[in-house]
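Undergrad: If you scroll down you'll find the structure; I have some questions about it.
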């Protein structure tokens, strides 16, 4: 066979298939390249042989002569249809015409080509008028095939090929290659196999051998015209008309493509000439659709149409100027609008013209009307807009108050507008405008609030013209509501006269000028009384009259000076609030408050009041009226002195009347309100004088603005030695030039708005107290004494002046008259009947050296001896029952707290502390109010050959406090160590065995706790604690020897107490076991907090504990106060004249005292007594 394949095309047409256009005979047809005819063939005829490709079985050979033969084409009609499942080959050769089949040598064949009977089908296709896109199902075939898809146009009854494409895959795309043919299109497909690579081997390229042509599938009739395209925001509805091209295939459905900005964003399917697609489109004017008809999956070219997807804005919905129509702006070229009453359509559709729409509708004062619109043409319609609401009601004015600004340069109009009945969301703002003479705008403002203050420069206002407020509103759409106009006046009523009597104010005025001519509202007037700054204090009711009166009882003008009168004007709901910046006769200053009363002064020595008042501007004369009667007339001055002093609390009042004019208004001054002449007395409460500075306090007086303080020499009340003022109820001042030989009295007077009041309770400058000595320790040991007056006080060079001390006592014995009727005297002490029932005894401590002289003896032994002897004598007076232990205790308490004593003597007379004892090293008496502290040690035993002998011994443990207090057991007064145990003992409910005592009386078993102190022999009124001469060391094993321990001894009376010892055979004795150390403690108070301190603690010690101990000139001395109880001390049978129950210890009298430099010895070295109160203010 030749290596040159001369076959240029092969085609198999099944006898059962449609013949392709231009093909008239079924079978195999082959075309050859005639340029390859061998030169040896003189009359060439092209002959083909059809054979099976797999076994070369010859099916048949074409003729070499006759009809249908030629040198370029050959045809062979098999006797049976070829199978698509088999593979075939055709061979071609040129022979001389008429050569019989047997004479052809097919080994010399010049070409071969595959033949396919495959039947591919078109699954689907789209034609857009220019381009074809088809999907092919190649089906089954004996050989690998491609396909050829051909586009035909039916022209003159003949299908003309106008485009095709041969491709190996199943997607075919090609363009129409010929134009100008009728738009009656169809598609067909046939198998295609390259001629030169039969069996699918090699490149898929021409020439091709084609199989049978499929049946032609028509492209359907296209959509020609859109008849309706409606989009409602959720669904797109379309209808269209089909083209009427003859012989076109009828569509069976449609495909709709939705495009935004020429890009497909969604697709949908529809019927033959309509579609409804649910979709939400963007608000855009770039939305289009392609409508493509479909027939047997053949999709025709699209019909493109615009879609109205945008929502036209509806704005400026309002009533027309004649209020007979509703108008709105609609931003759309073609559209329609509806007038809605909520969800109900009440007008429309109305076509939008020039982007505006108008509805003839009576909408005035309607609520809830709105306009909606949409884009609309004859074919297209878009979604409806949201409701744009109409404001059909004019805003109503609730009130408008017109005032002049504080600087008088502006009109301030405070308006309150009644909100429109429309939904608040539909109201964008309210417009407020002030117009002049009904037209010219002088001020305007837009606000979202129903209340607003409009401010207008007065220079912008012509007061010769009328004025109105115009109100309107703007809706959310931008449309405006109807407006309402309200007349106002900016000219006040002008006062002609104003008069004040004792019971009323009268006035008359003229109506304001230049009201709007159109005003039909009534004008009313309101009389106003204001203070001198123009601030109203009374506003009367409105009246239509041009005159008015008001009762003074309504006004409440007490304390309001120079009140003014003015008149407000009201027109409907608008009010002009007149003030004192609006010119001549707009207001007048009244004289109704009378002259301001002040500077009423009182001399505290005679309490006569001097009346004073301030002059009233414009007043010619004054008349003074008194609540007591007879007025004083024709007074040209501003002062008057009473001839008789008032008594504290006496009510005497006066008033003053004045006459004058103000701001062009004739005014008559009234009788002023009654002013009470101050008669409240300021009572002094406390005074403290430290020899230099006075600190004073007094009761508050409710009317007082300040207080006058004065100090008078009691022998000369005509002139004060000091005067000052304070706004508080206390003062501190330093008087000068005082004479210690004189006495002084301090007064306080309240100063109120009316003037100076009366002097009430006064106080002597000097107050009794306890005074530390001022002498240096080189002259006298430190001591304290009661200061009764300044004349007796000691100095840094001298003892105090000797002064007798008298004290009073209740019954001291078990029965009345227990001490008898004769005085009992021992040294400076004398006690005798007083003649007073409640306080039958008087103790006098003489004014002699034994008591009042202080030198270098810390304990004045003579005084001590006389004191002991005196108490013994009182306990056992000759022939009398004498004082009980309780009575002795009272005497001890009073003498200990009030008698002059050295610091050391304070410990003796108050606690019995002494080192002058034959037992141990010291002793102290346990008296009620003290606390006995037992510091008990535990013994620590440590054994071992290498243990130092000092290791075992006593170690610190618990401390027990026993509160010493008196109690009554039957007819006996005793001293106990525990109130609960004392109560049990008094009821004989507590029985305790006495501690064991050896026969020699030097040793005892000791006690463990307070209950052990309640054995019968130990129940006594007096106790003395002895301190051992030597305290055993901690490494000892303890001792049962009484003298080696802190021991307590009991005594039945004071006399026995003086000789009591620690011999159990002589008196009851007890000591605490285990090397217990006893301390005597007392309670004191520091800054209100109770503290328990050892006896002997000084004021300085207490302050040291808190870092507050002052030194000379320390500021802390200014606030340091020490108070001492004198509860048992009664210096007068009249309790009001007796010394205070608590007095101050004046450490700072004439300055802080240092007794000796370098050792901390100063007045704060004074020992504390039970109940002492120390404060640091």
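Computed from the coordinates by the stated procedures, all read-outs in this text should not be read as laboratory data. Just so it is clear, the model here is predicted, and its values are computed rather than measured. Ideal geometry is used to build each Cβ from the backbone, glycine not excepted, and the neighbour counts take in all protein chains shown.
Undergrad: Give me the percent relative contact order of segment 220-311, please, defined on Cα pairs under 8 angstrom at least 6 residues apart.
TA: Details: 238 pairs, mean separation 30.4, N = 92.
The value is 33 percent.
Undergrad: List the residues of segment 507-527 whose backbone N lies under 17 Å from a point placed 7 Å from the Cα of residue 539 along the Cα-to-Cβ direction.
TA: 524-527, by backbone N distance to the label point.
Undergrad: Which percent of the Cα-Cα distances in segment 681-764 go past 23 Å? Can you show the working numbers first?
TA: Details: 568 of 3486 pairs.
Result: 16 percent of Cα pairs exceed 23 Å.
Undergrad: Take the Cα coordinates of segment 103-240, assign each an equal point scatterer, and use the Debye formula without solvent to give log10 I(q)/I(0) at q = 0.11 Å⁻¹.
TA: Result of the Debye calculation: -0.52.
Undergrad: If I model the chain as equal point scatterers sitting on the Cα atoms and use the Debye formula, what is log10 I(q)/I(0) at q = 0.05, 0.06, 0.07 Å⁻¹?
TA: Each listed q corresponds, in turn, to -0.73, -0.81, -0.92.
Undergrad: Taking only the alpha-carbon positions of segment 592-652 and ignoring solvent, what does the Debye formula give for the base-10 log of I(q)/I(0) at q = 0.15, 0.17, 0.22 Å⁻¹?
TA: Values returned for q = 0.15, 0.17, 0.22 Å⁻¹ are -0.50, -0.63, -1.00.
Undergrad: Here's another thing I want to ask about it. Given R₀ = 41 Å, FRET efficiency for residue 502-residue 725 by Cβ-Cβ distance, to 0.05?
TA: Details: r = 36 Å, r/R0 = 0.88.
Here the calculated transfer efficiency is 0.70.
Undergrad: What is the order of 164, 448, fewest Cβ neighbours within 10 Å to most? Walk me through the intermediate numbers first.
TA: Details: 164 19, 448 11.
Fewest to most other Cβ atoms nearby, the residues stand as 448, 164.
Undergrad: Now for a separate question. Between residue 1157 and residue 806, how high is the FRET efficiency from 1/(1 + (r/R0)^6) when r is the Cβ-Cβ distance and R₀ = 41 Å? Nearest 0.05.
TA: Here the calculated transfer efficiency is 0.60.
Undergrad: Can you compute the radius of gyration and Dmax for segment 629-737, using only the Cα atoms, both in Å?
TA: Both quantities, over Cα of segment 629-737: 20.0, 64 Å.
Undergrad: Further question: At 4 °C and 1.567 mPa s, grab the translational diffusion coefficient of segment 223-306 from Stokes-Einstein with a Kirkwood Rh over Cα pairs, rounded to a whole number in µm² per second.
TA: Values: Rh = 12.9 Å.
The Stokes-Einstein estimate is 100 µm²/s.
Undergrad: Among 23, 874, 784, what is the fewest-to-most ranking by other Cβ atoms within 10 Å?
TA: Numbers: 23 13, 874 25, 784 22.
Least to most surrounded, the residues fall as 23, 784, 874.
Undergrad: How much length, in nm to one decimal, is gained on full extension between residue 345 and residue 245, taken as 0.36 nm per residue of separation minus their Cα-Cα distance? Mind dumping the intermediate values first?
TA: Values: separation 100, 0.36 × 100 = 36.00 nm, distance 4.46 nm.
That pair, residue 345 and residue 245, stretches by 31.5 nm at full extension.
Undergrad: Quick one: Cα centre-to-centre distance for segment 875-953 and segment 608-679, in angstrom?
TA: For segment 875-953 versus segment 608-679, the Cα centre distance is 75 Å.
Undergrad: With labels modelled as points extended 7 Å from the Cα through the Cβ direction, what inter-label distance (nm, one decimal) is found for residue 653 paired with residue 561?
TA: Reported label-point gap for residue 653 and residue 561 is 2.1 nm.
Undergrad: Once the Cα atoms of helix 885-898 and of the chain are each reduced to a long axis, what angle between those two axes, in degrees from 0 to 90 to the nearest 10, is obtained?
TA: On a 0 to 90 degree scale, this one is about 80.
Undergrad: Follow-up question, since we're still on this one. What is the distance, in nm, between label points placed 7 Å from the Cα along the Cα-to-Cβ direction at residue 448 and at residue 989?
TA: 8.2
Undergrad: On to the next question. I'd like the Kirkwood hydrodynamic radius of segment 1042-1127, using the inverse of the mean 1/r over distinct C-alpha pairs, in Å. Working shown, then result.
TA: Details: mean 1/r = 0.0602 Å⁻¹.
Kirkwood radius, segment 1042-1127: 16.6 Å.
Undergrad: Can you give the three extents of the C-alpha atoms in segment 13-120 along their principal axes, from longest to shortest, in whole Å?
TA: The Cα atoms of segment 13-120 stretch 42, 33, 22 Å along the principal axes, largest first.
Undergrad: Measuring from label point to label point, each 7 Å out along Cα→Cβ, what is the residue 767 to residue 1087 span in nm?
TA: 2.3
Undergrad: Test of understanding: extend the Cα→C-beta vector of residue 276 to 7 Å, then name every residue of segment 212-232 with backbone N under 20 Å from that spot.
TA: From segment 212-232, the list is 226-232.
Undergrad: Now for a different question. Would you mind calculating the gained length between residue 816 and residue 862 on full extension (0.36 nm times residue separation, minus the Cα-Cα distance), in nm to one decimal? Don't skip to the answer; put the middle values down first.
TA: Numbers: separation 46, 0.36 × 46 = 16.56 nm, distance 3.17 nm.
In short, 13.4 nm is gained.
Undergrad: Treat the count of other C-beta atoms within 10 Å as a stand-in for reagent exposure and order 795, 578, 464 from fewest to most. It would help to have the intermediate numbers written out before the result.
TA: Details: 795 12, 578 32, 464 9.
By the 10 Å Cβ count, ascending, the order reads 464, 795, 578.
Undergrad: Viscosity 0.890 mPa s, temperature 25 °C: Stokes-Einstein D of segment 171-284 from its Kirkwood Cα radius, in µm² per second?
TA: Numbers: Rh = 18.0 Å.
Roughly 137 µm²/s, to the nearest whole number.
Undergrad: Given segment 393-488, what whole percent of its Cα pairs are spread farther than 15 Å?
TA: On the way: 2674 of 4560 pairs.
Distances greater than 15 Å cover 59 percent of the Cα pairs.
Undergrad: Suppose a student asked you for the relative contact order of the chain, using Cα pairs under 8 Å spaced at least 6 residues apart; what percent would you report? Present the calculation step by step, with values, prior to reporting the outcome.
TA: Details: 3099 pairs, mean separation 53.2, N = 1177.
About 5 percent, as a whole number.
Undergrad: Give the relative contact order (percent, whole number) for segment 664-746; include only Cα pairs under 8 Å separated by 6+ residues. Could you put the intermediate results ahead of the total?
TA: Values: 109 pairs, mean separation 21.9, N = 83.
It rounds to 26 percent for segment 664-746.
Undergrad: Related question: Report the gain in length on full extension from residue 264 to residue 1066: 0.36 nm times residue separation, minus Cα-Cα distance, nm rounded to one decimal. Working shown, then result.
TA: Details: separation 802, 0.36 × 802 = 288.72 nm, distance 13.08 nm.
Working it through step by step, the gained length comes to 275.6 nm.
Undergrad: To the nearest 0.05, what FRET efficiency results for residue 733 and residue 1133 with a Förster distance of 41 Å applied to their C-beta separation? Kindly include the intermediate steps, with their values, before the conclusion.
TA: Numbers: r = 36 Å, r/R0 = 0.87.
It comes out at approximately 0.70.
Undergrad: Taking the 0 to 90 degree range and rounding to the nearest ten, how far is the long axis of helix 861-875 tilted relative to the main principal axis of the chain, both from C-alpha atoms?
TA: Compared with the principal axis, the helix lies near 90 degrees.
Undergrad: Right, something else. What is the Cα centroid distance between segment 128-204 and segment 2-62, reported in whole angstrom?
TA: Going from one Cα centre to the other spans 22 Å.
Undergrad: Suppose we keep just the DSSP beta bridges with both residues in the chain; what percent of those would be antiparallel, to 5? Intermediate values should be presented prior to the final figure.
TA: Numbers: 307 of 328 bridges.
So the antiparallel bridges amount to about 95 percent of the total.
Undergrad: As an exercise, take the mean of 1/r over every pair of distinct alpha carbons in segment 1-218, invert it, and state the Kirkwood radius in angstroms.
TA: 17.9
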